[in-house]
Amino acid sequence: MTTPRAGCAVDADGRITFEVPRAGGLRLLLRLRPKKGQPEEGLHVLDLATDPSDEGRAQAVLGADPVLAEGRWDVYLLQGTERTRLRPGPRDLRALVDGQLRERRGPLAVRVPYATKDGFLAVRTWLRPAHAEVGRVDVTDRTLTIAARLHGSPLTEDARVELRLRRDNGVTRTLEPLVRADGRAFSYTLDDALDLAPGIWDMFLRPAPGAAPIRLARLLDDVADRKEVFVYPGAGVGGAVVRPYYTVDNDLSLEVKRTG
């Protein structure tokens, strides 16, 4: 039996329209992929409606609400209790390509349909109270400069960037960002004045004193998994090689290795 395929299209508001072969009594199931060894928890069922322009197809719409939990949602056809996992058909993600250019309110709910490594359709979701969207990452021999834009939270003159050593949350380094005139965009530079111990450092923005830290990430486009796609060289900073990289969650971190 041929595994059915589902096409999908995303609009600028995050609404996803799925299109599948028409068959009686079927619905669409989105299942939050559980962590290894954990029970299944997140399920969301959508009704399928006949496409009036094509008698052989049916559509299901995932609206902007309800907001899906952050994670990876696998897509199935559902008939009674029987599930059939879907393979991806055409995906129209054009509305997501320039998503970083639009102002967003918090909380931010981001959805990106994608093909899994084993060839099935899934939707990657993020849910953040506020978000610092990474833009340019400029690496030279001796410096690393990162530009970003804050969504969903005000940015004050007393904002700070915090670098946290992952293996020890008590170890931090603080940088003063350059805040642009629009009060949203900011940038910061790592150079020889910064001494970082070897290890993995995660990057956060604290938009005001006492405010909750906001993870720096790149979420607002059509790329579900950046780690193997956006690969940066290292910079020689403070006697170490500092290489920026995206994590499996598309957050931006630093890998620091001593040179001697």
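Residues in region 199-226 that are farther than 20 Å from VAL248 by Cα and assigned to a strand (DSSP E or B): ARG206 alone. Exactly one residue out of ARG15, ARG85 is open to solvent by 60 Å² or more (accessible area, probe 1.4 Å) and over 20 Å from ASP249 (Cα atoms), and it is ARG15. Listed by first and then second residue, the pairs linking a residue in region 47-58 that is at pLDDT 70 or above to a residue that is open to solvent by 70 Å² or more (accessible area, probe 1.4 Å) and assigned to a loop (DSSP other than H, G, I, E, B), with Cβ atoms under 9 Å apart and 6 or more places separating them unless they lie on different chains, are LEU48/ARG22; THR50/ARG22; GLY56/ARG22; ARG57/ARG22; ALA58/ARG22. For VAL229, the test of being in a strand (DSSP E or B), on the phi < 0 side of the Ramachandran plot, of a type in the set (Val, Ile, Thr) and surrounded by fewer than 18 Cβ atoms within 10 Å (Cβ to Cβ) is failed.
Within region 173-198, if we keep just the residues that are over 16 Å from THR259 (Cα atoms) and outside any strand (DSSP E or B), the residue that is most open to solvent (accessible area, probe 1.4 Å) turns out to be GLU176. The number of residues in region 121-172 being closer than 30 Å to ARG85 by Cβ and open to solvent by less than 40 Å² (accessible area, probe 1.4 Å) comes to 7.
Could you check region 102-120 and list, in sequence order, the residues that are open to solvent by 20 Å² or more (accessible area, probe 1.4 Å), aliphatic (A, V, I, L, M) and in contact with a Gly (Cβ under 8 Å, 6 or more places away or on another chain)? Passing the criteria: only ALA109.
Only a single item in (1) over 30 Å from GLY236 (Cβ atoms); (2) surrounded by 16 or more Cβ atoms within 10 Å (Cβ to Cβ); (3) not hydrophobic (A, V, I, L, M, F, W, C) is not met by GLN79, and it is number (2). Answer with yes or no whether ALA224 is touching a residue at least 12 places away in the same chain (Cβ under 8 Å), of a type outside the set (D, E, K, R) and open to solvent by less than 30 Å² (accessible area, probe 1.4 Å). Considered against the rule, which asks whether it is touching a residue at least 12 places away in the same chain (Cβ under 8 Å), of a type outside the set (D, E, K, R) and open to solvent by less than 30 Å² (accessible area, probe 1.4 Å), ALA224 comes out as yes.
Counting the residues of region 237-260 that are under 17 Å from VAL223 (Cα atoms) and open to solvent by 10 Å² or more (accessible area, probe 1.4 Å) gives 5. Scanning region 70-81 for residues that are part of a strand (DSSP E or B) and not β-branched (Val, Ile, Thr) yields GLY71, ARG72, TRP73, ASP74, TYR76, LEU77, LEU78, GLN79. In summary, strands (runs of 3 or more DSSP E) completely within region 82-152 and bearing 1 or more residues that are under 16 Å from the mean Cα position of the chain (by Cα) occur at 108-115, 121-128, 131-139, 144-151.
The values are calculated or read from the model by the stated rules, or taken from the named source; none is laboratory data. Computed from a prediction, not measured in an experiment: that's the story for all the values here. Counting neighbours? That spans all protein chains shown, and the Cβs are built from the backbone with ideal geometry, glycine included. What goes into the accessible areas is simple: the full protein's heavy atoms, side chains included, and nothing from ligands, DNA or RNA. Shrake-Rupley method; radii C 1.70, N 1.55, O 1.52, S 1.80 Å.
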